[in-house]
Structure formats: structure tokens, C-alpha cells
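S.K.: Submitted below is the structure of interest, expressed as C-alpha cells.
The values are calculated or read from the model by the stated rules, or taken from the named source; none is laboratory data. Since we're looking at a predicted model, the values are computed, not measured. Reconstructed Cβ throughout: ideal geometry from the backbone, glycine too, with neighbour counts over all protein chains shown. Please note that ligands, DNA and RNA were not included when accessible areas were found on the heavy atoms of the full protein model with its side chains. Shrake-Rupley method; radii C 1.70, N 1.55, O 1.52, S 1.80 Å.
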Amino acid sequence: MLNKKIAELLNDQVNKELYSAYLYLDFANYYADEGLDGFAHWYEVQAQEERDHAFMIRRYLLNSGEKVTFAAIAKPDKTFANHMSPLEAGLEHERYVTSLITAIYHEAFAQKDYKTMQFLDWFIKEQGEEETNADDLIKKMKLFGCDAKGLYALNQELLGRVYAPSATGPAM
Ligand code: FEO
């Protein structure tokens with residue numbers, strides 16, 4: 001069993017990760033509609049990774065003897081002014097998720113819950129990588145997205161992203 005507050009925070013994080021998947025699929029919908037299949041693909045892969053994160057936290061709760069309860073997943077409500085908008089919203093969202101993971105980590109530290117801290121270590125590293133990826137996309141878009149040829153090349157590059165299940169994530 002886990003400390004009640006930590007279990008609640010982790011349960012809530014399952015919802016947040018599923019929302020992240022939903023949000024990134026919404027980004028993918030936008031890009032697919034714009035004819036940018038590479039950008040759409042990149043966010044489809046991102047959505048799959050977010051779903052994995054939700055599954056991993058759910059499994060950790062179950063393996064710790066906790067119940068998992070689901071709440072409604074919020075509707076993505078972003079509207080996009082241009083092709084850069086989802087990229088910026090993505091970075092902002094990842095920074096938010098980092099703050100959530102960090103808050104759970106703080107609580108685990110306060111409770112001397114070393115098992116949960118170890119579990120979350122993977123997520124701390126993952127958030128660092130996801131913020132970097134989101135920032136890199138913005139930089140590339142600024143450099144290459146301003147003309148049709150550059151945008152086409154970037155779209156082709158993003159089409160190459162390969163989904164790798166997060167099986168190497170936290171021990172379960
Ligand atoms: Fe699961 Fe991108 O945070």
C-alpha cells in the first residue's frame with residue numbers, strides 16, 4: 001500500500017497522461033487536416049507514448065495494492081492559429097506535466113517513500129527528454145518551416161519517427 005496522498009496523486013496522473021494522449025491526437029487531427037502527415041504522425045507516436053505512461057502508472061498502483069479509479073478525460077480545447085501553434089502548446093503542456101511529476105516526487109520524498117521515488121526517476125528523465133524534443137521541434141520549425149520546401153522536408157523527417165513501447169520504463 002502507498003501513502004494515501006501519493007496514491008491519489010498517482011491516480012490523478014493516470015488521467016493526466018491519458019489526457020496528454022488525447023491532446024496530442026488532437027494535434028495530429030489538426031495536422032492531418034492541414035495535409036502535414038509527418039507532423040500528424042509525430043503526434044500520433046507521442047500519443048502512444050503518453051498512453052504507455054498512463055498504463056505504467058496504473059500498473060504501479062495495482063502492483064502496490066491500490067485501487068485505480070477513472071475520471072472523465074477533459075476535452076482538448078485548443079484552436080490553432082498556424083502550424084507553429086501546436087508545437088508551442090506541446091512544449092507548454094510538457095512543462096506542465098513536468099511540474100506534476102515533480103510535485104509527486106516531492107511528496108514521495110517528504111513521505112520517505114523511496115519505492116515511489118525510484119519509480120518516478122524514469123518519468124523525471126522522460127520529462128527532460130520530452131521537453132527537449134518539444135523545444136527542438138519549435139527550433140526546427142522556426143528555421144525551416146517558413147517556406148514550402150523547408151516545411152515539406154521537415155514534414156518528411158517527422159514521418160520517420162518510430163514508436164517504441166516504453167517497456168524499458170520503470171520496473172513494474
Ligand atoms: Fe507523459 Fe509527455 O508526459
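S.K.: Filter the stretch 45-63 for residues that are in contact (Cβ under 8 Å) with a residue 40 or more places away in the chain and open to solvent by 60 Å² or more (accessible area, probe 1.4 Å); which is farthest from Q156 (Cα to Cα)?
M.R.: Ranking the candidates gives N63 first.
S.K.: Here are the criteria: (1) over 17 Å from L9 (Cβ atoms); (2) at pLDDT 95 or above; (3) out of contact with any Lys or Arg (no Cβ under 8 Å at 6 or more places or on another chain); (4) not small (G, A, S). Tell me which single one F123 does not satisfy.
M.R.: (1)
S.K.: Restricting to the stretch 1-52, name every residue that is aliphatic (A, V, I, L, M), under 14 Å from S85 (Cβ atoms) and part of a loop (DSSP other than H, G, I, E, B).
M.R.: L36
S.K.: Can I ask one more? So for the stretch 115-125 (the condition being open to solvent by 80 Å² or more (accessible area, probe 1.4 Å), away from the ligand (no atom under 16 Å from the Cβ), among the polar types (S, T, N, Q) and closer than 23 Å to K5 by Cα), does at least one residue qualify?
M.R.: Restricting attention to the stretch 115-125, the residues satisfying the condition of being open to solvent by 80 Å² or more (accessible area, probe 1.4 Å) are 115, 118, 125.
Still in the list and also away from the ligand (no atom under 16 Å from the Cβ): 115, 118.
Going one step further and asking which of them are among the polar types (S, T, N, Q), we end up with 118.
The next check asks that each one be closer than 23 Å to K5 by Cα; those that pass are 118.
Yes, some residue in the stretch 115-125 is open to solvent by 80 Å² or more (accessible area, probe 1.4 Å), away from the ligand (no atom under 16 Å from the Cβ), among the polar types (S, T, N, Q) and closer than 23 Å to K5 by Cα.
S.K.: Here is a further query. Please list, ordered by first then second residue, the pairs with beta carbon atoms under 6 Å, 6 or more apart or interchain, first in the stretch 103-124 and over 15 Å from H53 (Cα atoms) and among the small types (G, A, S), second open to solvent by less than 70 Å² (accessible area, probe 1.4 Å) and in a helix (DSSP H, G or I).
M.R.: A108/I6; A108/T116; A108/M117
Each row is one residue, and each column tells you yes or no for (1) under 30 Å from N3 (Cβ atoms); (2) surrounded by 14 or more Cβ atoms within 10 Å (Cβ to Cβ).
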position: G65; (1), (2): yes, no
position: E88; (1), (2): no, yes
position: L100; (1), (2): yes, yes
position: I104; (1), (2): yes, yes
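S.K.: Next question, about the same structure. Answer with yes or no whether N63 is within 28 Å of D136 (Cβ to Cβ) and more than 16 Å from the ligand (Cβ to nearest atom). Don't jump to the end; show me each part of the working.
M.R.: Numbers: within 28 Å of D136 (Cβ to Cβ): no; more than 16 Å from the ligand (Cβ to nearest atom): yes.
Spelling it out, it is not the case that N63 is within 28 Å of D136 (Cβ to Cβ) and more than 16 Å from the ligand (Cβ to nearest atom).
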